[in-house]
1. Run the dipole for region 25-162 about the Cα centre, Lys and Arg Cβ at +1, Asp and Glu Cβ at -1, nothing else charged, and hand back the magnitude in debye, nearest 20.
2. Counting just the Cα atoms, what span does the chain cover along each of its three principal axes? Round to the nearest Å and put the largest first.
3. Work from the charge dipole of the chain (Cβ charges, +1 for Lys and Arg, -1 for Asp and Glu, about the Cα centre) and give the residue of 351, 151, 140 farthest towards its positive end.
4. Calculated from DSSP H runs of 4 or more alone, at -39500 (n - 2.57) each and per residue, what is the 222 nm mean residue ellipticity of the chain, nearest 500?
5. To make sure I understand, if each residue's beta carbon is the centre and we count other beta carbons within 10 Å, what order do 41, 232, 395, 181 fall in, fewest to most?
6. With point charges of +1 on the Cβ of Lys and Arg and -1 on the Cβ of Asp and Glu, referenced to the Cα centre of the chain, which listed residue (424, 204, 246) lies farthest in the positive direction of the dipole?
7. Please go through the residue pairs 244/335; 30/125; 206/407; 67/117 and name each one whose alpha carbons sit more than 19 Å apart in this structure.
8. Which one, 361, 191, 433, is farthest towards the positive end of the dipole of the chain when Lys and Arg carry +1 and Asp and Glu -1 on their Cβ?
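Bear in mind that the values in this text are calculations on the coordinates, not laboratory data. These numbers come from a predicted model, not from an experiment. Note that we place each Cβ from the backbone using ideal geometry, even for glycine, and neighbour counts take in every protein chain shown.
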Amino acid sequence: MPIDFSKFAIVILGASGDLARRKLVPALFKLYETGVIGKGSIVVGTGRSEFTDSSFRERFEGDSPLKENFYYHRGLTGLKAYIESKGHFEQVVFFMALPPEVYLTTAQAIRAEGFEKNVRLIIEKPFGYDYESARTINTGLLECYPETSLFRIDHYLAKEAVLNILVFRFANSLFEPVWNSKYIDSIQINACETLGVETRGDYFDKTGIIRDMVQNHLTQLLLLLTMDRPASLEAEDIRASKLKALESVEYRECHRRQYEGYRNEPRVAPDSVTETYAELKLTIDNDRWNGVPVYLRVGKALPRRGTEIGIVFKPPQGFLFDGFGTIPPNRIIFKIQPSEGIILDVTGKEPGSDVNMTNTMLRFCFGEKYAGGLTDAYQKLIADVLAGNQTLFVSAVETELSWKKIKPCLSAGKLGFYSRGNLPEGSLGADWIDFENYGDVCM
């Protein structure tokens, strides 16, 4: 029997927070507008704050008709009876817009309240603080609900530019034959922010940039780039391919740095040794990628903002163009944010010359191709949860293995420093791509 999308109860735990206002509710409005959420569904906010249904609805901008189906219930006690008083629902979906340290106790409280069947839990990152804590949370959650009911969000996986990586690789015979160590010289991933920690000092100082970005977001980008072809597009087959690639990952070098003035930020310890910038080198020790270095560069308070992936190819074989100057390597640039696109950086002939060579960029810019705009990541993720599709969600096994792999880097080496607004001098000896050269492409 097909799922009746008009009969969902969507519960936002921590509904008075910033995530609900900025991301979740706008996504729900859009899903209602597009017919994914039907008129018979309700949205229930819960938390410790006191709201009436009316004052709760007034917290959110927009005049979507779905607002009439917004309700507020203080706390979890009595929530099951309250939802049942509103009707019968196909599924009850809980979105944990909560601090990570209460995920497990909240799931246990939901179960104790009587929500046993037809329940789905959406869990935000970070999922754990290290391998041991992730293992503890997973074990506890699985005592409450089966893995098919658990949806661990990594919103990077729902970005259109990220989703397009799989299509780019496996739907184009032009690229997959050369996606290996025979042709590729290095893989580089940048995730740069111009802002510092701003008002997030209490969270970030306990976390650091490696836990906040590398263990989850950048690892997921890496796995989509390097995994073998999955047997199908089913969630379990894609997860299996990602897990196989992750098993071969080995971190070789980790360098941590902190921007000057970080220790004076609000709610940051005056003697903090938390890194705000990291450079990492890893290898993927399997037949496809043996010998290809992977470089990650991620940080805050840097001179530019952007998340990009660079695939650097080896020089062409043979000596046909020797004597005409150095031939730059071909590159493929995936622009993830703030502007999405794919750039092929190839060599061409300069017009009017004999064989003077120049770089030529072939570009595919999402904003130009899809003038109507791109689907928001949370809109896509919530729709997949309602459909029970776990393709874009991280499994318990993958989460724990990712923590285990990154463990040597969490406190590696002596902490260095850099001035705010400047890119630290490289520590890895890599021939870094200057991603700024591609910054105005696809704007």
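1. Values: 16 positive and 19 negative charges, 36 e Å.
For this selection, approximately 180 debye.
2. For the chain, the Cα spread along each principal axis is 81, 52, 39 Å.
3. Towards the positive end, the residue furthest out is 140.
4. On the way: 12 runs with 106 residues, N = 443.
It lands at -6500 deg cm²/dmol.
5. Values: 41 25, 232 9, 395 19, 181 15.
Lowest to highest Cβ neighbour count: 232, 181, 395, 41.
6. Result: 204.
7. Values: 244/335 25 Å; 30/125 23 Å; 206/407 15 Å; 67/117 27 Å.
Violating the 19 Å Cα-Cα cut-off are 244/335; 30/125; 67/117.
8. Highest projection toward the positive end goes to 191.
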